[in-house]
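Working notes for the structure below.
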Amino acid sequence: MSSAALASVGARPRVAPGRRVAVDARRATAARRGVSATVRASALNDRIVDDANAAFAIPGSVEFVAGEGGLPKCVLTHKNGGSAEVYLFGACVTSWCQPSGDDVLYVRPDAVFDKSKPISGGAPLCFPRFGPSDEMQQHGFARNSDWTVISSSADPNPDDPEPSVMFKLRDSEYTREMWDHAFEATYEVTLRRESLRMEFSVRNPLAEERKGRHEDAPFDFTAAIHTYIEVADATSPNVFARGLIGKNYIDKAIDPNVVHPEICAGDVVFGTSLCDKVFLKTEPETDLHVGTGAAVCVENTRGWTDTVVWNPHETLNIGDAWKKFVCVESAAVSEKIVLDSGKVWTAETNMFVADVD
């Protein structure tokens with residue numbers, strides 16, 4: 001190879017001066033557009049926070065602020081010093097702090113707050129599909145949609161206020177591209193003295209309420225609250241889920257496409273491999289012993305029929321993050337919910353912390 005050819009290996013091609021100016025101009029324009037979009041998004045988020053505070057803030061109990069990435073979130077504060085945080089994006093509860101300051105929930109270190117994907121952690125809401133789907137993204141679109149605040153409260157007990165906030169999600173062009181149904185969903189989060197209450201409702205509107213649609217048609221869906229609970233160390237024998245003995249379950253870690261129900265013979269433990277189990281027709285309460293002498297009790301108060309227990313083990317390739325949480329999920333997945341026109345389906349979860357030592 002000639003010396004000239006050698007000199008050309010790996011060398012950048014020469015750009016004519018005029019073309020270089022044009023390229024630089026396009027890059028500058030793209031950069032300005034990116035900055036402009038960021039500024040517009042920030043201004044919109046600020047306006048959402050201001051409007052929500054003007055309409056729904058309750059001094060000392062309910063406040064709206066800019067959270068991670070500037071995304072609007074609601075902060076509920078109890079008189080006892082406990083708090084909860086809920087983002088309007090996905091109506092995702094990301095924090096439930098005890099009066100001691102200890103957070104019950106866990107947000108993964110790979111969580112992003114730029115709306116490019118759902119918030120990874122806390123208590124994401126899965127609807128209208130749980131798990132993989134040919135129709136839409138995994139776990140549905142509710143957790144990566146912007147919800148609207150429609151009410152707040154610090155009653156009914158003025159002497160011991162229970163701050164709450166309610167969100168609404170309706171069908172849109174975006175949702176109908178994946179799931180061609182009119183619907184109304186509401187999600188209320190209430191911070192009680194000893195517990196966190198989450199109530200999810202879905203309504204199938206009457207024909208006359210549907211924009212440009214006049215058919216009375218049922219639809220079906222599955223749903224879950226994908227709750228990430230912080231634990232001391234998932235590999236510890238002191239971390240386990242109790243309350244599922246004797247229940248049928250599907251082990252999705254073996255083969256997610258083959259359903260062979262097994263009977264649960266003991267407490268569910270973690271640390272040896274992927275745990276991805278769907279327990280069918282469960283009792284209302286499942287207790288997750290978190291390895292600190294306490295258990296987080298997840299109560300399927302109404303509506304929910306099943307319980308999902310998940311820990312990704314080393315399939316979550318983010319250091320040892322998998323050791324720091326276990327998901328105990330209130331779910332309705334063993335049978336699809338079928339909702340006729342004009343009907344409402346409601347499910348409620350209550351979580352509380354109990355000493356077990």
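The values are calculated or read from the model by the stated rules, or taken from the named source; none is laboratory data. Keep in mind that what you see is a predicted model, and the values were worked out from it rather than measured. Counting neighbours? That spans all protein chains shown, and the Cβs are built from the backbone with ideal geometry, glycine included. Side chains are part of the model used for accessible areas, which takes the heavy atoms of the whole protein and leaves out ligands, DNA and RNA. Shrake-Rupley method; radii C 1.70, N 1.55, O 1.52, S 1.80 Å.
Observations on the model:
- Over every Cα atom in the stretch 207-357, the radius of gyration and the widest Cα-Cα span, Dmax, amount to 17.7, 59 Å.
- The distance separating the Cα centre of the stretch 288-357 from that of the stretch 51-114 comes to 20 Å.
- Rg followed by Dmax, in Å, when the stretch 272-357 is reduced to its Cα trace: 15.4, 49
- Once the 1.4 Å probe is applied to the protein heavy atoms, the stretch 57-355 comes out at 42 Å² accessible per residue.
- VAL259 exposes around 90 Å² of accessible area when a 1.4 Å probe is run over every protein chain in place.
- Whole-angstrom Cα spans of the stretch 41-165 along principal axes, big to small: 50, 32, 26
- Evaluating 6.51 cos²θ - 1.76 cosθ + 1.60 at θ = phi - 60° for every residue in the stretch 56-64, the Karplus couplings come out as 10, 5, 10, x, x, 10, 10, 9, 10 Hz, glycine and proline recorded as x.
- Whole-percent carbon and sulfur share, accessible surface of the chain, 1.4 Å: 50 percent
- Put simply, the convex hull of the Cα atoms in the stretch 266-318 casts, on average, a shadow of 4.7 nm².
- Surface listing: MET178, MET136 arranged by accessible area from highest to lowest gives MET178, MET136, probe 1.4 Å.
- Extreme residue, positive dipole direction of the chain, given options VAL326, PRO261, ALA55 (C-beta unit charges): ALA55
- Cross-link partners of LYS323 among lysines (Cα-Cα below 29 Å; sequence separation of 8 or more within a chain): LYS73, LYS115, LYS117, LYS247, LYS252, LYS277, LYS281
- When the charge dipole of the stretch 213-357 is built from unit charges on Cβ atoms (+1 for Lys and Arg, -1 for Asp and Glu) and taken about the Cα centre, the candidate among VAL296, HIS313, ALA217 whose Cα reaches farthest toward its positive end is ALA217.
- Here the chain is assigned +1 on the Cβ of each Lys and Arg and -1 on the Cβ of each Asp and Glu. Its dipole about the Cα centre then comes out at about 2200 debye.
- Applying the criteria of a DSSP loop state and at most 11 other Cβ atoms within 10 Å to the trypsin sites (Lys or Arg not before Pro) of the stretch 261-313 yields LYS281.
- Normalised by the number of residues in the chain, the average gap of Cα pairs under 8 Å and 6 or more apart makes the relative contact order 13 percent.
- Shown is the FRET efficiency for MET136 and ARG170, computed with R0 = 22 Å from the Cβ-Cβ distance and rounded to the nearest 0.05: 0.85.
- In percent, rounded to a whole number, the relative contact order of the stretch 241-326 is 29, using alpha-carbon pairs under 8 Å and six or more apart.
- For the stretch 120-162, the residues whose backbone nitrogen is under 11 Å from a point 7 Å from the Cα of LEU44, taken along Cα to Cβ, are 146.
- Stokes-Einstein translational diffusion, the stretch 195-296 - Kirkwood Rh over all Cα pairs, 0.890 mPa s, 25 °C, in µm²/s: 146 µm²/s
- At the listed q of 0.18, 0.23 Å⁻¹, the Debye profile of the stretch 143-204, built from one uniform point per Cα, gives log10 I(q)/I(0) equal to -0.69, -0.93.
- The stretch 57-355: proportion of alpha-carbon pairs further apart than 26 angstrom, %: 44 percent
- Charge dipole of the stretch 142-265 (Cα centre as origin; +1 on each Lys and Arg Cβ, -1 on each Asp and Glu Cβ, all else neutral): 140 debye, rounded to the nearest 20.
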